[in-house]
């Protein structure tokens, strides 16, 4: 599994996390069990999932600073998961260039989001990048 696919799996996991009742470790184990191709990049998957979810409140506060005429509650849940993952990668993973995190978030938004998702995700992440 490529890093692109692993990042996509992280976004899907973050998205579905709220809808399940198992604790985080149980959900991670179930997800990996049902997605055996993750084993190639399991360290990235686990550390990024845990990083996003354990820092979700702080990430959401940071994301909110860059929303223009939007609130986090108005953003579709999948778009929120894309933003949270990208913000986490940019702020906490020195191995991933900011431009790569932004490009991948935009790619995922184009692939899975609404018609407008990619443009506001790109805008939010670009504003965040400029502030760094």
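The values are calculated or read from the model by the stated rules, or taken from the named source; none is laboratory data. Note that the structure is predicted; figures quoted are calculated from it, not measured. In this analysis, Cβ positions are derived from the backbone assuming ideal geometry, glycine residues included, and neighbour counts consider all displayed protein chains.
Restricting to the stretch 108-119, name every residue that is outside any loop (DSSP other than H, G, I, E, B) and touching a helix residue (DSSP H, G or I) at 6+ places or on another chain (Cβ under 8 Å).
Within the stretch 108-119, 108, 109, 110, 112, 117, 118 meet the criteria.
Would you check which residues across the stretch 96-107 are out of contact with any helix residue (DSSP H, G or I) (no Cβ under 7 Å at 6 or more places or on another chain) and assigned to a helix (DSSP H, G or I) and list them?
Result: 99, 100, 103, 107.
Filter the stretch 29-68 down to the residues that are under 16 Å from residue 96 (Cα atoms) and in contact (Cβ under 8 Å) with a residue 24 or more places away in the chain, then identify the one that is farthest from the chain's Cα centre (by Cα).
41
Output yes when any residue across the stretch 89-96 is without any contact (Cβ under 8 Å) to a residue 24 or more places away in the chain and surrounded by 14 or more Cβ atoms within 10 Å (Cβ to Cβ), and no when none is.
Filtering the stretch 89-96 for residues without any contact (Cβ under 8 Å) to a residue 24 or more places away in the chain gives 94-96.
Next, only the ones that are surrounded by 14 or more Cβ atoms within 10 Å (Cβ to Cβ) stay: 96.
Yes; the residues of the stretch 89-96 include at least one that is without any contact (Cβ under 8 Å) to a residue 24 or more places away in the chain and surrounded by 14 or more Cβ atoms within 10 Å (Cβ to Cβ).
Mind checking which residues of the stretch 102-127 are under 15 Å from residue 62 (Cβ atoms) and surrounded by 22 or more Cβ atoms within 10 Å (Cβ to Cβ)?
105, 121, 124, 125
Looking only at residues in the stretch 13-28 that are in contact (Cβ under 8 Å) with a residue 24 or more places away in the chain and crowded, with 16+ Cβ neighbours inside 10 Å, which one is farthest from residue 90 (Cα to Cα)?
If we take residues in the stretch 13-28 being in contact (Cβ under 8 Å) with a residue 24 or more places away in the chain and crowded, with 16+ Cβ neighbours inside 10 Å, then 17 is farthest from residue 90 (Cα to Cα).
Output the residues belonging to the stretch 76-95 that are modelled with pLDDT of 95 or more and in a loop (DSSP other than H, G, I, E, B). Reasoning before the result, please.
Our first condition is that a residue be modelled with pLDDT of 95 or more; within the stretch 76-95, this holds for 76-92.
Once the filter is applied, which keeps residues that are modelled with pLDDT of 95 or more and in a loop (DSSP other than H, G, I, E, B), the stretch 76-95 yields only 76.
For the stretch 44-61, check the following and say yes or no: at least one residue is farther than 27 Å from residue 127 by Cβ and surrounded by 14 or more Cβ atoms within 10 Å (Cβ to Cβ).
Yes: the stretch 44-61 contains one or more residues that are farther than 27 Å from residue 127 by Cβ and surrounded by 14 or more Cβ atoms within 10 Å (Cβ to Cβ).
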